[in-house]
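What follows is a single structure, written as structure tokens, with notes after it.
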Amino acid sequence: MIEIKKVETKSELKQFIRFNYEMYKDNPYSVPDLYEDMLNTFNREKNGAFEFCEADYFLAYKDGTLVGRVAAIINHKANQTWNTKNVRFGWIDFIDDPEVSKALINTVEQWGKDHGMTHIQGPLGFTDMDAEGMLIEGFDQLGTMATIYNYPYYPQHMEKLGFAKEADWIEMQLFMPEDSQVPEKHKRISEMVMKRYNLRIKKYTSSKKIREEYGEAIFELVNEAFAPLYGYSALSPRQIRQYIDMYLPIVDLRMITLILDENDQLVGAGLSMPSLSRALQKAKGKLFPFGWYHLAKVLYLHQYGDCLDLLLVAVKPEYQNKGVNALLFYDLIPVYAKLGFKYAESNVELETNDKVQAQWSYFEHKVHKRRRSFVKDINI
């Protein structure tokens, strides 16, 4: 007998968040969410996504033991943008028991029906800035702080529950040039692009100054560049302020490159940071009492490993396919080499996004992970 309980107390929310860590604490490839970040994510007053989202969180028990969790989410802005009536399931975890996964999904379906929805999709978060997609390939690859890790039986359960593929994302592993130099062809294209379109590279040494001058513009560019992508809903001004506060103070400014036009308007942005995967594993997903030390070694003491995460690459639509991406990495490759990085994680990109994948031709690369969003009609 599976009992489903709605999360209503702080203690239950803590159980909801930490259930993932308990399931995967001995898995060498899973990267735990940072508990303190998750508290803010699920807080209706602190997370700006609740301006246009509603959600409830559920725990599954079997014989009194916690065996699963799931979030039921409606992103009204995304539904309006894409003319859909979708309820999302997110942050789903369950033991390898079909009764548990079925009970969790049935709960989200009923919750969605009660709110007038016709389809269930996921795993998705509140917005694209949350982790999305169930891992279907690459179970023996280290995850990143921005992605979901799950056991191989998860997608098998989804298929048995009648779900079909809605979208796939791939993740690339990109290798730095062996001589640590920008390839000659890449350099030639970049210099030609700068001259032809009258563009220039902008760098900063002050996080305060970049926030003041281009902080909002970076995430407004994200809204513009990502607008056509699967399920995207534009970031609100409040969310933009949250992400400015979250990322710009901690990112090594050498790893931020902005591309400006002749009028100092932002047309391209690249943000990357050293991988926090190992640090989060050592921190066990919590800042306190000692987890902060492992993160501080990377973020503030600059004890970087050999892997970096490409957090964000965005180019204004009218400049896409014109070599602006090449210009970003024309600047960043020497920085990566100087800091000792050997390879990079692209994080998720839609398998159909040819524009993004074309930019990786500048690197030796391989696809090493794939993840999926599933969908099902809840009226059937």
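Rounded to the nearest angstrom and listed largest first, the equivalent-ellipsoid semi-axes of the chain from its Cα gyration tensor are 36, 23, 20. Projecting the Cα atoms of 144, 285, 298 onto the dipole axis of the chain, where Lys and Arg carry +1 and Asp and Glu carry -1 at the beta carbon, places 298 farthest toward the positive end. The trypsin sites (Lys or Arg not before Pro) found in region 1-40 that occupy coil by DSSP, while having at most 15 further C-beta atoms within 10 Å, are 25. For residue 208, the lysines whose Cα falls under 27 Å of its own Cα, not counting residues fewer than eight places away in the same chain, are 46, 297, 316, 338.
Annotation for region 39-89: GluC sites (Glu not before Pro) lying in DSSP loop with at most 11 further Cβ atoms inside 10 Å of their Cβ are 45. Sorted fewest first by neighbouring Cβ atoms within 10 angstrom, 130, 377 come out as 377, 130. Between residue 5 and residue 321, the simple spin-label model (points 7 angstrom out along Cα→Cβ) gives 5.5 nm.
Arranged from fewest to most other beta-carbon atoms within 10 Å of their beta carbon, 82, 360, 111, 292 become 82, 292, 360, 111. Only alpha carbons enter this Debye calculation for region 27-130, each as an equal point scatterer, and the log10 of I(q)/I(0) it gives at q = 0.10, 0.15, 0.20, 0.23 Å⁻¹ is -0.30, -0.66, -1.09, -1.29. Ranked by how many other Cβ atoms sit within 10 Å of their own Cβ, fewest first, the residues 128, 245 fall in the order 245, 128.
A straight line joining the Cα centroids of region 45-71 and region 309-376 runs 32 Å.
Quick note: the coordinates plus some simple rules give every number you see, no bench work behind them. Treat the numbers as computed from the prediction; the structure is a model and nothing was measured. Neighbour counts are summed over all protein chains in view; Cβ atoms, including those assigned to glycine, are modelled from backbone coordinates with ideal geometry.
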